[in-house]
1. Give me the Kirkwood hydrodynamic radius of region 3-85 in Å, from all C-alpha pairs, to one decimal place?
2. Give me P(r) over region 1-149, computed from all C-alpha to C-alpha distances, binned every 5 Å, as integer percentages.
3. Please report, in whole Å, how far the alpha carbons of the chain spread along each principal axis, starting with the longest.
4. Counting pairs of Cα atoms in region 68-203, how many percent are more than 20 Å apart?
5. Per DSSP H run of at least 4 residues, take -39500 (n - 2.57); add these up for the chain, divide by its residues and hand me the 222 nm value, nearest 500 deg cm²/dmol.
6. Which Rg and Dmax, in Å, describe the Cα atoms of region 165-264?
7. Please work out the ratio of the alpha-carbon Rg of region 124-199 to 2.2 N^0.38 Å and round it to two decimals.
8. Using Cα-Cα distances under 8 Å and only pairs 6 or more residues apart, what relative contact order does region 3-85 have, in percent?
């Protein structure tokens, strides 16, 4: 009986999916099934109620999960301490990030990290915010990068920084004549928004509502790149993080206008499971994310 068998079983118990458990551990679904069957033979118990349509652990399976989780965490803690004692930074890092952070904030930090630790493999996935949380809680990834982090007792939140929010317009828009804008000047304007379940959309809606400003939302998208393209074709205006439009502003395809009274900044954060044992590589990666570029 090996620690890896406990690890696979615990991942299966948490994700309730043979597919996800296989993905997390870099094996096939068949291998996951075989390891579960091997544990059942060795322990002479059933771990999963196979007659049920919905995934469910048996009583013995729940006991094994609880104890197995402790074994895996103890083993991971030991490995982390041994690596730290030898000043070894290696292994792999799995990161899920929302599109705006992954495309515009993350690249220089990844380059900086890989220059310092070239033997570490960094895997990055671009997801909607809700999927980032699911993947972190399901142990599909090690870390998540989000804006406006949720409070969750299962998660550790590491604040990074706050981004300045600005208005973007196509170059021909009448508002571009202004050096700064008040929120009241957006009243009645055609507006390009993020989809309703995206945290940045919720924050922008709250800011406009508190200012008594009503805009005409004509399009909604799930990522920053599509929002910018819609503004470029003069479909409307949008409020976005300033750092996401640097390239377009330099090429004069968009105009960025600050607000007379700066809007609340968009907070960025790293999230990981509170129970997760952080390897030296993960600790260094988080440290670099907190540094100025």
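1. 13.2 Å
2. In whole percents, the pair-distance histogram is 2, 9, 15, 18, 17, 15, 12, 7, 4, 2, 0.
3. That works out to 76, 47, 29 Å along the principal axes.
4. Within region 68-203, distances greater than 20 Å cover 62 percent of Cα pairs.
5. Computed mean residue ellipticity for the chain: -12500 deg cm²/dmol.
6. Over region 165-264's Cα set, Rg and Dmax evaluate to 12.1, 34 Å.
7. 1.53
8. 31 percent
We did not get these values from a lab; they are worked out from the coordinates using the rules stated. Remember, predicted model here, so these are calculated numbers, not experimental data.
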